[in-house]
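Written below as structure tokens is the structure these notes are about.
The values are calculated or read from the model by the stated rules, or taken from the named source; none is laboratory data. Model, not experiment: these values are computed from the prediction. Ideal geometry is used to build each Cβ from the backbone, glycine not excepted, and the neighbour counts take in all protein chains shown. Remember, those area values only see protein heavy atoms, side chains included, never the ligands or the DNA or RNA. Shrake-Rupley method; radii C 1.70, N 1.55, O 1.52, S 1.80 Å.
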Amino acid sequence: MKIEGIQKLTLLDFPGRVACTVFTPGCDFRCPFCHNADVVLYGEGAYPEEALFSFLQTRKGKLTGVAITGGEPLMNEDMLRFVSRIRELGFAVKLDTNGSYPERLKELVRGGLVDYVAVDVKNCREKYAATGGLDEAAAAALMPKVCESIDFLMTKPVDFEFRTTVVKELHEDDDFRRIGEWLAGDEKFFLQAFKDSGNILSPGLSAHSKEDMERFADILRPYIPKIALRGV
Ligand code: SF4
């Protein structure tokens, strides 16, 4: 399993749990606002798996969850075995994904191996190429997979969230109407304000104002009842 590194404690990454975070290298997207540019572009996965499991052994009873993020974790063919090993130690697992590996997602969920899935909905379907940093051909190839993951989660096989990182240069009012139409029937959705971590893929982006974020939430509410803002 390729692991880029770990964060030993997080109270934010896994809702309702005291967790650690595991970062996996590489991604099939190139979102301009990505705040893990080094992990996506240059990650080699050199952190030893055994070091992670030695750490987890010492945290039994202290941490209750492991959040797996990237990069895109599901790029790893080894994910099923890896997550199974974490579960054997008694930890709950949260998975972050861009949705481009629906078969691996289904395998994990149907196997009862993950407790919470967070999917980044980059934008309305029409703007996935620009928002995901993809050329049109790559976006056309990935979109059916993203849609398959979203459709699968909409059947509620596991607790999940959809969320969008909102960037002034990439998102405007009408995008949220289209996202609402796309995801109508979903129960909760998070709008996350863009923040420049200093390690983003395309520097120079900016955040919308609080008023803009509240207006986007209002646009989504007729379609999805529970809209929450993060980082505003
Ligand atoms: S923000 Fe985009 S580029 Fe960065 S890890 Fe997520 S999907 Fe990949």
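Details
- Within the stretch 15-35, the set of residues being open to solvent by 30 Å² or more (accessible area, probe 1.4 Å) and either among the polar types (S, T, N, Q) or more than 9 Å from the ligand (Cβ to nearest atom) (or both) comprises 15, 16, 17, 18, 23.
- When 99, 90 are screened for being at pLDDT 95 or above, crowded, with 20+ Cβ neighbours inside 10 Å and assigned to a loop (DSSP other than H, G, I, E, B), only 99 passes.
- Candidates 160, 216: the one that is of a type in the set (Phe, Trp, Tyr), buried (at least 17 other Cβ atoms within 10 Å of the Cβ) and part of a strand (DSSP E or B) is 160.
- Residues in the stretch 99-121 that are touching a residue at least 40 places away in the same chain (Cβ under 8 Å), touching a helix residue (DSSP H, G or I) at 6+ places or on another chain (Cβ under 7 Å) and at negative phi: 100, 101, 102, 105, 106, 114, 117, 119, 121.
- Filter pass, residue 22 being in contact with a helix residue (DSSP H, G or I) (Cβ under 6 Å, 6 or more places away or on another chain), part of a strand (DSSP E or B) and modelled with pLDDT of 95 or more: no
- Every residue from the stretch 102-132 that is part of a helix (DSSP H, G or I), of a type in the set (A, V, I, L, M) and either away from the ligand (no atom under 16 Å from the Cβ) or surrounded by fewer than 20 Cβ atoms within 10 Å (Cβ to Cβ) (or both): 108, 109, 129, 130
- Residue in the stretch 47-62 that is in contact (Cβ under 8 Å) with a residue 12 or more places away in the chain and buried (at least 21 other Cβ atoms within 10 Å of the Cβ) present: no
- No other residue among 219, 227 is over 20 Å from the mean Cα position of the chain (by Cα) and within 25 Å of residue 150 (Cβ to Cβ) apart from 219.
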